[in-house]
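Down below is the structure, laid out as structure tokens.
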Amino acid sequence: MALTFDNWDDVVAFACALPDVEMLSFYGTPCPKLNGKALASPGREPGSFAAMCQPDEKEMLLETDPDTFWQTPHYEGWHALLVRYGSDDPERVADVLRRAWWDRAKKAQRQAFGDRP
């Protein structure tokens, strides 16, 4: 089956397949978390979800693929960006989620997973 991120259920299924991820409350909404820290959330904008990311990567993603990655004033200055469902490059979206996982992982989890995607 091809990798897709067409809706929140696809995002949750992918994120929860990463090691040790569990669904826990994040601002009152169940979201995939690792070690108590969110990887993604449904976001506030229709047709998109919020993915956690490093600030330098956020800027690069916003510049290189604005059809997929975007933000509203609500997300400016926050370590997250909006991701439109149905991206033409689902592997790139998957890497953003894998990096969010790796950035929240403990040392032993990182060693078992391997290098940062």
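Brief remarks on what is shown
- Screening ALA51 against (1) free of Cβ contacts under 8 Å to residues at least 60 places away in the same chain; (2) surrounded by 19 or more Cβ atoms within 10 Å (Cβ to Cβ); (3) part of a helix (DSSP H, G or I) leaves a single unmet condition, (3).
- Members of the stretch 96-114 found to be surrounded by fewer than 16 Cβ atoms within 10 Å (Cβ to Cβ) and assigned to a helix (DSSP H, G or I), listed by number: LYS107, ALA108, ARG110, GLN111, ALA112
- Conditions (1) touching a helix residue (DSSP H, G or I) at 6+ places or on another chain (Cβ under 8 Å); (2) closer than 21 Å to LEU3 by Cα; (3) surrounded by fewer than 20 Cβ atoms within 10 Å (Cβ to Cβ); (4) touching a residue at least 12 places away in the same chain (Cβ under 8 Å): number failed by MET23: (4)
- Entry remark, the stretch 73-101: residues being of a type outside the set (A, V, I, L, M, F, W, C) and in contact (Cβ under 8 Å) with a residue 60 or more places away in the chain number 6 in total.
- Residue match in the stretch 72-80 (condition: outside any strand (DSSP E or B), closer than 19 Å to ALA15 by Cβ and among the small types (Gly, Ala, Ser)): no
None of the figures in this text is laboratory data; all of them are computed from the coordinates on show. Worth saying up front: this structure is predicted, and the values here are computed from it rather than measured. Don't worry about glycine lacking a Cβ; one is built from the backbone with ideal geometry, like all the others, and counts go over all protein chains shown.
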